[in-house]
1. Within straight cross-link reach of LYS290, meaning Cα distance under 17 Å, which lysines are found once same-chain residues fewer than 8 apart are removed?
2. ILE209 versus THR114, label points 7 Å from Cα toward the beta carbon: distance in nm?
3. If we count every other residue with Cβ under 15 angstrom of ASN319's Cβ, Lys/Arg +1 and Asp/Glu -1, where does the sum land?
4. If eta is 0.890 mPa s and T is 25 °C, what Stokes-Einstein diffusion coefficient results for region 109-243, Kirkwood Rh from Cα pairs, in µm²/s?
5. Could you tell me which trypsin sites (Lys or Arg not before Pro) in region 231-316 are loop residues by DSSP with no more than 15 other beta carbons within 10 angstrom of their beta carbon?
6. For PHE198, enumerate residues with amide H under 5 Å from its amide H, sequence gap 5+ or separate chain, H modeled in the peptide plane.
7. Using 0.36 nm times the number of residues separating LYS321 and GLU269, minus their current alpha carbon distance, what extension gain do you get?
8. Using 0.36 nm per residue, how much length does the chain from THR328 to ILE98 gain when fully extended, once their Cα-Cα distance is taken away?
Amino acid sequence: MNCSCFGASTQRQKRGVDLVHQDTAGCSTAKTKNISYSELRRATNNFHQSNKIGRGGFGIVYKGTLRNGMEVAVKTLSAESRQGLREFLTEIETISDIRHPNLVELIGYCLDGTNRILVYEYLENKSLDRALFGSSTSNVKLDWDTRAAICLGTGTGLAFLHEELVPHIVHRDIKASNILLDKDYKPKIGDFGLAKLFPDNITHITTQIKGTTGYLAPEYVMGRQLTSKADVYSFGVLLLETVSGRSSGSGTWQGQKSLLESAWEFYEEGKLLELVDPEMGDFPEKEVLKYIKVALFCTQEKANRRPIMSQVLDMLTRNIKLNEEELTPPGFFQDSGGFSSTQLKLKSSESSTSHQMSSVPLTITQVTPR
């Protein structure tokens, strides 16, 4: 695919960062409001179990109500989590002054003794993974229009991070559990604990591998080369999950293959509609097929063959004929610990230090701020 045919060159929107002070670890807490621990204890009824709404590697998330009546999500850091502390500081520094309709808003933070807490806007419908993969008693029936809107909103948020902010931001952990849904199921990207800033003159960063199995791009796992194309890969997997109602991290599809591997086989066999979630109800076949094919463009093995996010949005929303002759197989994670693209087996980065990726990241084009 010739990615240059989708891009538009306009001016970027720069972020002003007004540093107020730094905590003991040297990380800026920027403009974000410092909320006292006592206020958060009161807001969550002393972090009562009945207010618990989630748990992750970082810690527990509680629903709370501040004194002004605002409902919030209170994200606590596990006291013993060193990695969580780094993620906590990164999250404050990265998104403290960012506002976008498709990004979760950071309301405040708490640095009080050993307590490290982030306070976010509360979103009524929790996360996309609960909506798609939750138990029969907790999941909801998402029709196609709702699923398509979730995909487009998430893509818009990613395009903003990658192409409009300066420095650009690569999220590094795009997955269904980090896509939060408001009362109208409008999506907002959350959890910026693994995010990386990309100045204009940087094409890639060599970094420690972090993220979630099933969403990790081959070049990132193999060579630890991080670019925005790693997020594009993850977004492609997310598209497939949203269409199929199946989790990429739940093991195998029909007891044999991963979701991405099955999607590619269905594509080669001309049976892509077999991927569609039977719980979705009626759907426009042509549009759904386009979403699946765009997901395959996003998950191609070589990063330089993937579109950038603004191009992905054009592919999803505009009447553009996809050049499927340029579509190449995806790289997908195997149970053996490597990535595979059809017959090619790649060793993991832990066992191979000589492997060089042939892909070269494309320069991010400028777009009009949304």
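Computed from the coordinates by the stated procedures, all read-outs in this text should not be read as laboratory data. These numbers come from a predicted model, not from an experiment. No Cβ is skipped: glycine too gets one built from the backbone with ideal geometry, and neighbour counts run over all protein chains shown.
1. Within the straight-line limit of under 17 Å, LYS290 reaches these lysines: LYS271, LYS321.
2. That separation, rounded to one decimal, is 3.3 nm.
3. That sum, taken over residues with Cβ under 15 Å, equals +3.
4. Here the translational diffusion coefficient equals 154 µm²/s.
5. Hits after loop and neighbour filter: LYS271.
6. Amide H to amide H, under 5 Å and 5 or more residues apart or across chains, PHE198 pairs with HIS168, ILE169, VAL170.
7. Working it through step by step, the gained length comes to 16.7 nm.
8. 79.2 nm
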